[in-house]
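First the structure, in the form of structure tokens, and then the observations on it.
The values are calculated or read from the model by the stated rules, or taken from the named source; none is laboratory data. Fair warning: this is a prediction, and the values are worked out from it, not measured in the lab. Positions of Cβ are generated from backbone atoms using ideal geometry, with glycine treated the same way; all protein chains shown enter the neighbour counts.
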Amino acid sequence: MSDQLIIFDTTLRDGEQSPGASMTRDEKLRIARQLERLRVDVIEAGFAASSNGDFEAVKSIADHIKDSTVCSLARANDRDISRAAEALRGAPRSRIHTFIATSELHMEKKLRMTRDQVFEQAKQAVRFARNLVGDIEFSPEDGYRSDPDFLCRVLEAVIAEGATTINIPDTVGYAVPELYGEFIKNLRERVPNSDKAIWSVHCHNDLGMAVANSLAGVKIGGARQIECTINGLGERAGNCSLEEVVMAVRTRKDYFGLTLGIDASQIVPASRMVSQTTGFVVQPNKAVVGANAFAHASGIHQDGVLKARDTYEIMRAEDVGWSANKIVLGKLSGRNAFKQRLQELGIDLESESEVNAAFARFKDLADRKSDIFDEDIIALVSDESVTSEQEHYRLLALSQHSETGERPQASVVFTAGEVEHKASSDGNGPVDASLKAIESRLNSGAELLLYSVNAITSGSTESQGEVTVRLQHGGRVVNGVGADPDIVVASAKAYLSALNKLHSNLERVAAQG
């Protein structure tokens, strides 16, 4: 058995299924480039058959990514598989990941298919895919809750048809580590041709055990691929967290005895990029990438770390991408320095006009904020990543007034298509007044589900505020993100960003393996 552990990142597919986390093609490509810098082995770029937008995103990633395998999800039917193969055509290394449910519950209630029908469809799907792409992954959806005898029958057949990776999903996060590890071990021992494929784990975090289950699947079960996402992003309680499994395997190599190709110094930059792109803020006490992950408040701990770091730290902050020297640019920095920093951050703007526009926004920010940090640059690019044809609403100006004992007032100027609107309103606070002013003209009917404020950089009142607004309308849930040194302006930007996503009506079809 190989001691190489394959990291399969599904941030752009399973992670994107988080309510409101859907991304544009350019945002997906930017994150894919960062995953490539992280040296992720396999990037699951999306579900090509789900929509024209996702097809174009997978195609763009396949055309640009050279060092990682690019994968597309596909249901076990010829249309999905053909669409995936077409989208992946430009990738130097490509994989089709096809799936079908195998648990009694899913087969009866969702698929309305018999065991024999599922068995035949799984075989035919892998056979069809194998004729299009050489690297085929098969997932029995809800595999952990499937009957082992039936599962062994299906897995033996798909391996015989050419599946090169077998993934065993804990689709609903029901597993516990010891049992999940033994479950995979049992499958590998019972399937006669199990040695012809790499075994993989895909765990959801509904009971908070996705990382533990994944590691048990590796250590006990003999799996050699872990499917995970940056920041544990994913629907419901999320997925197995890439940063946690990577650092667990690296830090406890004495126990796991496995090697990784990951460049861990790119973990924190990847975490920031995904957080600022999707609007899902990383909790401060999140392992590895949380703001407090390497902070020490206790006097005893501080004293110990000062005397010898390893008294209280099992990892070095700089090894995962935290840096003490965060200031990179200022108002006197030139265009070339700015362009170089974009490249170092893995941000590749497609044209000189885009670079020039980003530099103009940078100079505007530098006039208002003396020190520009990496987080500021990522937020600046993310904040302007929506293309003009998708940006139906745009903030032009905002003024507000508030004082103790008086009801706050706000006036907003914004565009809706080609029409400029001016509106004023009062509110419980300046943010409330600003959003009510916008709604007084638009009457969107959207329900506000979440309003969240996060400082982009720490340790300074000069930090940009990053606001996330989650809206729901007509069964759709979207996140809007806005950043600005003025938190009220950031709030208005975030609100209009969310309305832009509702207006775009991007089609999404959820599927999970």
Residues THR251, THR229, THR259: which one is among the hydroxyl-bearing types (Ser, Thr, Tyr) and within 24 Å of LEU450 (Cβ to Cβ)?
THR229
Within the group THR24, THR69, THR98, which residue is under 29 Å from LEU449 (Cα atoms), of a type in the set (S, T, N, Q) and buried (at least 17 other Cβ atoms within 10 Å of the Cβ)?
THR24
Give all pairs with beta carbons closer than 7 Å in which a residue from the range 287-300 that is within 16 Å of ILE456 (Cα to Cα) meets a residue that is of a type outside the set (D, E, K, R) and at pLDDT below 75; count only pairs at least 6 apart in sequence or on separate chains.
ALA291/SER458
Return the total of residues in the range 430-451 being of a type in the set (Gly, Ala, Ser) and exposed (fewer than 15 other Cβ atoms within 10 Å of the Cβ).
2
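Answer yes or no as to whether SER103 is of a type in the set (Gly, Ala, Ser) and either under 23 Å from VAL172 (Cα atoms) or free of Cβ contacts under 8 Å to residues at least 24 places away in the same chain (or both). Walk me through it before giving the result.
Numbers: of a type in the set (Gly, Ala, Ser): yes; either under 23 Å from VAL172 (Cα atoms) or free of Cβ contacts under 8 Å to residues at least 24 places away in the same chain (or both): yes.
When the stated conditions are applied, SER103 passes them.
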For the range 248-293: of the residues being of a type in the set (A, V, I, L, M, F, W, C) and under 11 Å from TRP322 (Cα atoms), which is surrounded by the most Cβ atoms within 10 Å (Cβ to Cβ)?
VAL289
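Tell me whether the range 225-233 contains one or more residues that are crowded, with 16+ Cβ neighbours inside 10 Å, closer than 30 Å to ASN479 by Cα and among the hydroxyl-bearing types (Ser, Thr, Tyr). First the steps, then the outcome.
Restricting attention to the range 225-233, the residues satisfying the condition of being crowded, with 16+ Cβ neighbours inside 10 Å are 225-233.
Still in the list and also closer than 30 Å to ASN479 by Cα: 226-233.
Okay, now just the ones that are also among the hydroxyl-bearing types (Ser, Thr, Tyr), so 229.
Yes, the conditions are met somewhere in the range 225-233.
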How about the range 405-437: which of its residues are among the aliphatic types (A, V, I, L, M) and in contact with a Phe, Trp or Tyr (Cβ under 6 Å, 6 or more places away or on another chain)?
ALA416, LEU435
Taking the condition surrounded by fewer than 22 Cβ atoms within 10 Å (Cβ to Cβ) and more than 30 Å from VAL477 (Cα to Cα), does ALA216 pass?
no
